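See below for the structure under consideration.
The values are calculated or read from the model by the stated rules, or taken from the named source; none is laboratory data. Note that the coordinates shown come from a computational prediction; the quantities given were computed from them, not determined experimentally. In this analysis, Cβ positions are derived from the backbone assuming ideal geometry, glycine residues included, and neighbour counts consider all displayed protein chains. Heavy atoms of the whole protein, side chains included, go into the accessibility calculation; ligands, DNA and RNA do not. Shrake-Rupley method; radii C 1.70, N 1.55, O 1.52, S 1.80 Å.
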Amino acid sequence: MENQTSKNGLNRRDFLKAGGMSTLALTLGSTGVLALGSKVLADTTNNPTSGFGGYGPLVPDPNGIIDLPEGFHYKIISKEGGLMTDGRKIPGAFDGMAAFEGPNNTTILVRNHELGGGTAFGSNPYDAAAQGGTTAVVVGPNREVIEEYVTSSGTIRNCAGGATPWGTWLTCEETRSATHGYVFEVDPTQPENDMSRTPIKDMGRFSHEACAIDPATGYVYLTEDSSPSYLYRFIPNDLSQKPGALQKGGKLYAAAIEAVTDPSASTFKTGQKFQIVWKELDPHLCREDAAKHNCIQFSRLEGAFFQAGVFWFDDTSAGEKNLGRIYRYFPATNTLELFYEGTDAHDMEYPDNICMTPWGDLWYAEDGSGQDRLMGITPEGKVYPFAANRQSGSELAGPVFSPDGNTLFVNIQGPGQTFAIWGPFQRRNSARAREMSYAVPSKHFAPQVSDKLARVAESQGMSILEAAAFERHGVKMI
């Protein structure tokens, strides 16, 4: 398409370049209401069927398994104890998961199993006396399982992890012993190869939870499920972003704030930003080093996700009411910010795995004491439920969308079940993803947007919130 230029001489590409979109910390309103000239326009957060702000109330499932909004459907595609393609039983304790594009319009799911000691379920294990590992589920366009097989085994408590930009899965051990507590790289197309059984020791020996990779740099950010826990960063020696490159080693760091006597994150306030520094650690004694360097102490870190230049992670039991917090880190400015704190169990109770929807909302799976749900937060600050687990005593885990954005896959941990969920999901929206990355946390104000600016935003294919953010940061659009 020909690149059209507006009368003021700037086109949309210029807007995105101005100041560096990936490095500009935009601040957006979170009320979902825009003051446009003399008119007040409400965005789609008030429309429960739009997806921008939720899909309306959950409908009780007649099967008593999982409640969803009206118009959505689910199918259980894999169950603990069922048979894989080779006849072996599917292991239990389903947890973190990633979805990769496969051949012939298939989706390849790689799924963690948070199991401890016992007999390894694979044929080429890292440790024959460890029962954890990962499996793959190949799902066709009709959401039917085509193949199911072991991708790695012989590890302990594979809780979460993270997908790499180059098509592999980093599975993390949530334990710490003399021989366990590491990250392993799994290639779903090369199951149980030598890479899958080789610990990446330079990424630290600690009780790992999740990780996410900045595709711009290849740096890996990691969370720790321990108390206290630290936020880590791994800089690989080989930044080629190819399978096996991480095994070539690198340097491990933990986040700290200079000139503070109390390193606890418990004093952080919503919207407060901190300039952080990264302290280099001995990867074998990283927790001890992090304490020695007075690094930031979180309550108990869980999920992680990287999108639109921002690293998101949550602290499951943090906050004044111990209901959980969501943080974001901006690598370009090296700043850390508390984005959201749970103050009412109706909105948040112990966030665990997190993901971004194709249309730009942040979703988190709860691991609380009551009914666990899959919840969403919009760039405008609205919190809404999408799913509720009706089976008591078991958490939802591993939410991930198919590459085409049409299907949500999610697990119930025990007894292990993997669901395919579909319905009127919103289409992919990269502008909203940027809005979420730079939205002002928990601020209630409406940016002033003139009719002229609204017309310019529309001509450039931008949302009004995005245009308002550029104006607030000195990028003149009119």
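Take residue 83 and residue 277, extend 7 Å from each Cα along the Cα→Cβ direction, and tell me the distance between the two endpoints in nm.
6.1
Under a cut-off of 12 Å between alpha-carbon atoms, report the aspartates and glutamates in cross-link reach of residue 273, not counting same-chain residues fewer than 8 places apart.
Residue 273 reaches 337.
Mind grabbing the accessible area of residue 278 for me, 1.4 Å probe, Å², rounded to tens?
Around 40 Å² of this residue is reachable by solvent.
Can you give the local net charge around residue 406? Use residues other than it whose beta-carbon is closer than 15 angstrom to its beta-carbon, Lys and Arg +1, Asp and Glu -1.
+1
Provide 186, 400, 145 ordered by accessible surface of protein heavy atoms (probe 1.4 Å), highest first.
Sorted descending by solvent-accessible area, the residues read 145, 400, 186.
With a 1.4 Å probe and all protein chains kept in place, how much accessible area does residue 143 have, in Å² rounded to the nearest 10?
Residue 143 exposes around 50 Å² with every protein chain in place.
Over 25 Å between C-alpha atoms is what I'm after, so list which of 269/321; 242/292; 321/382; 89/242; 251/292; 201/321 land there. Present the calculation step by step, with values, prior to reporting the outcome.
Values: 269/321 13 Å; 242/292 34 Å; 321/382 20 Å; 89/242 32 Å; 251/292 17 Å; 201/321 36 Å.
In this structure, 242/292; 89/242; 201/321 lie more than 25 Å apart at Cα.
For the range 211-300, state which trypsin sites (Lys or Arg not before Pro) are in a DSSP loop and have at most 16 other beta carbons lying within 10 Å of their beta carbon.
269
Would you please name the GluC sites (Glu not before Pro) within the range 249-310 that are DSSP coil residues with at most 14 other C-beta atoms within 10 Å of their C-beta?
258
Rounded to the nearest 10 Å², what accessible area does residue 195 show when all protein chains are kept and the probe is 1.4 Å?
30
Starting from the Cα of residue 267, step 7 Å toward the Cβ, then list every residue of the range 297-332 with an amide N under 13 Å from that point.
Label zone hits: 297.
With label points built 7 Å along Cα→Cβ from the Cα atoms of residue 392 and residue 427, find their separation and express it in nm.
Going by the 7 Å Cα→Cβ label model, 4.5 nm.
Hey, if we sort 225, 127 by accessible area with the 1.4 Å probe, largest down, what's the order?
Reading off the accessible areas and sorting them downward yields 127, 225.
Hey, for a label at residue 260 modelled as a point 7 Å past Cα toward Cβ, could you say which residues of the range 340-373 have their backbone N under 18 Å away?
340-342
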